[in-house]
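The values are calculated or read from the model by the stated rules, or taken from the named source; none is laboratory data. Bear in mind that the values here come from a model prediction, so they are computed numbers and not experimental data. As a convention, Cβ positions derive from the backbone with ideal geometry for all residues, glycine included, and neighbour counts pool all protein chains shown.
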Amino acid sequence: MASLQLCLPFSSTSRSQFRFSYGRVRCSSERQELFSRIAPVYDNLNDLLSFGQHRIWKRMAVSWSGAKTGDNVLDVCCGSGDLSFLLSEQVGSQGKVIGLDFSKNQLSMASSRQDLVSKACYEKIEWVEGDALDLPFSDCFFDAITMGYGLRNVVDKRKALEESFRVLKPGSRISVLDFNKSTQPFTTAIQEWMIDNVVVPVASGYGLAEEYQYLKSSIREFLTGKDLEKLALEIGFSRAKHYELSGGLMGNLVATR
Ligand SMILES: C[S@@+](CC[C@H](N)C(=O)[O-])C[C@H]1O[C@@H](n2cnc3c(N)ncnc32)[C@H](O)[C@@H]1O
């Protein structure tokens, strides 16, 4: 590949110009703005809001991706890079990790974290500004893909999975970690209670209440585990299995091309 540094136009809409509609964030550029704004505190908030549990879920997601030493792997919607760093430890210095995101701010957080830790394998991570709906890679290029808390946030979930399918090698897997849209009313009630009573109040301490209110509608509009499995099979994946984590609060789709 000649150059991986595919740059997309980056909106310069200021915070004052930006408006939410009752916690709903509709188009791609609004989502790009949202993730750029939360980038500086995103890692701290993840630890606080999940009581550190997100680190365990992310390890599981990487393990389910099947990435192994020497592999060439992709982390779609990498944000500040948690999954990319874990993937890098899995594939080692002989392997290669690409972390892709459309938020410049998130990628710059990822890059600063990479500079802070001197691990040989981290030197093989490359950050690419790009769109999950139009991946700048050739067909059948990667040995494994992860997507952590990204699929729920893209405007076209089918297109995102189709793109990942296209760039995966036959027989390779994608592991998609996200909030679970539960079919159990009790689980949904707990999830929504936690968002209203823990997540939004904590986020508001950082001046980000509106941004985190979006979480509830994004889960409501997401796909259930069964729907995710069905979608992956329709796209052409040969196998698809969704696992519920932490009592159904989180979920992880594992699909094999
Ligand atoms: C909730 S964060 C998750 C970050 C990271 N994967 C993690 O698990 O901590 C979602 C990320 O998806 C990115 N994103 C959303 N839609 C995207 C798209 N169409 N293309 C690329 N990145 C996108 C956002 O910029 C954001 O960094």
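Residue-by-condition table, conditions (1) hydroxyl-bearing (Ser, Thr, Tyr); (2) out of contact with any helix residue (DSSP H, G or I) (no Cβ under 8 Å at 6 or more places or on another chain):
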position	(1), (2)
ASP156	no, yes
ALA160	no, no
ILE174	no, no
GLU192	no, no
VAL199	no, no
GLY205	no, yes
LEU233	no, yes
SER238	yes, yes
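Condition (residue is of a type outside the set (Val, Ile, Thr), under 18 Å from GLU30 (Cα atoms), buried (at least 18 other Cβ atoms within 10 Å of the Cβ) and in contact (Cβ under 8 Å) with a residue 60 or more places away in the chain) applied to region 178-193: is it met by at least one residue? Scanning region 178-193, I find no residue that is of a type outside the set (Val, Ile, Thr), under 18 Å from GLU30 (Cα atoms), buried (at least 18 other Cβ atoms within 10 Å of the Cβ) and in contact (Cβ under 8 Å) with a residue 60 or more places away in the chain, so the answer is no. Condition (residue is surrounded by fewer than 18 Cβ atoms within 10 Å (Cβ to Cβ), in a loop (DSSP other than H, G, I, E, B) and within 14 Å of the ligand (Cβ to nearest atom)) applied to region 46-54: is it met by at least one residue? Yes: region 46-54 contains one or more residues that are surrounded by fewer than 18 Cβ atoms within 10 Å (Cβ to Cβ), in a loop (DSSP other than H, G, I, E, B) and within 14 Å of the ligand (Cβ to nearest atom). For region 197-210, state whether one or more residues are closer than 29 Å to LYS230 by Cβ, out of contact with any Asp or Glu (no Cβ under 9 Å at 6 or more places or on another chain) and among the hydroxyl-bearing types (Ser, Thr, Tyr). Checked region 197-210: no residue is closer than 29 Å to LYS230 by Cβ, out of contact with any Asp or Glu (no Cβ under 9 Å at 6 or more places or on another chain) and among the hydroxyl-bearing types (Ser, Thr, Tyr).
Before we move on, is ASN180 more than 14 Å from the ligand (Cβ to nearest atom) and within 17 Å of the chain's Cα centre (by Cα)? Taking the combined requirement at face value, the residue satisfies it. Taken together, the residues in region 62-84 that are within 16 Å of the ligand (Cβ to nearest atom) and either farther than 12 Å from ARG173 by Cα or crowded, with 22+ Cβ neighbours inside 10 Å (or both) amount to 15.
Reported count of residues in region 123-168, each being more than 10 Å from the ligand (Cβ to nearest atom) and at pLDDT 95 or above, is 22.
The residues on offer are CYS77, CYS27, and the sole one that is modelled with pLDDT of 95 or more and under 21 Å from SER218 (Cβ atoms) is CYS77. When restricted to residues that are more than 8 Å from the ligand (Cβ to nearest atom), not acidic (Asp, Glu) and not in a strand (DSSP E or B), region 85-105 contains 12. Can you report the number of residues in region 85-117 which are surrounded by 22 or more Cβ atoms within 10 Å (Cβ to Cβ) and of a type in the set (Asp, Glu)? So the count comes out to 1.
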